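First comes the structure, then the notes that go with it.
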Ligand code: AMP
């Protein structure tokens, strides 16, 4: 539980979250720390949301921007996917804690009729479309497979359907998006979940108020 003393009331805390799954799955952890976000980001147009604590606010940013806000101290802490942190590099962030939320995996997928294994065996140079260029490059380099990475920012599953690429690297949760587009997973790259990231300076300067929240998150985020 939070220890809202007169002293730590004067310190402002900002938590960076993205809308959707991360916001929703972070709510039980916030509740465990005695924090309730009092406006719904799906209906509110506000980008700074109030909570039941005057000194704690939640900012709503794009998932890929969470580490940047925390790195520069514009937010004291945030929740970001392991995929996003890997692309960001993690500079200026305190060792992330696995919250075991927003679980999914990063995979290589290809059209149903495409013999991916055979193409790889023959050493064909594959075009791979992805948002996760860094993770994809590392994966194929480790396997010694030659690929041209085509960086996209959305609708990755479309790329092989219109001949932009032979395969994709993307996040898979239920598998519904792949199935709906006649794509199949051909390689599992990594399990992904969301992490709590904390600004290093904030952890030192605001430890009194921040540490109890981090502890509550840690206790509530059992695997
Ligand atoms: P699904 O159809 O449930 O397998 O979800 C796949 C789609 O949702 C893909 O377009 C993914 O990029 C996206 N997706 C799945 N899980 C996540 C996640 N944890 N974070 C961001 N995007 C995700």
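Restricting to region 139-183, name every residue that is within 12 Å of the ligand (Cβ to nearest atom) and either outside the structural domain of residue 125 (by TED's automatic domain parsing) or in contact (Cβ under 8 Å) with a residue 60 or more places away in the chain (or both). The answer is 168, 169, 170, 171, 172, 173, 178, 183.
Of all residues in region 68-101, exactly one satisfies the criterion of being crowded, with 20+ Cβ neighbours inside 10 Å, at pLDDT below 95 and more than 16 Å from the ligand (Cβ to nearest atom), namely 93. Of note, residue 179 satisfies the criterion of being surrounded by fewer than 20 Cβ atoms within 10 Å (Cβ to Cβ) and over 16 Å from residue 106 (Cβ atoms). One residue stands out in region 184-223 among those that are more than 30 Å from residue 12 (Cα to Cα) and touching a helix residue (DSSP H, G or I) at 6+ places or on another chain (Cβ under 6 Å): the one that is surrounded by the fewest Cβ atoms within 10 Å (Cβ to Cβ), namely 186. Selection of region 116-125 for residues being assigned to a loop (DSSP other than H, G, I, E, B) and touching a helix residue (DSSP H, G or I) at 6+ places or on another chain (Cβ under 9 Å) yields only 124.
The values are calculated or read from the model by the stated rules, or taken from the named source; none is laboratory data. Since we're looking at a predicted model, the values are computed, not measured. Using ideal geometry, Cβ is built from the backbone for each residue, glycine included, and neighbour counts are taken over all protein chains shown.
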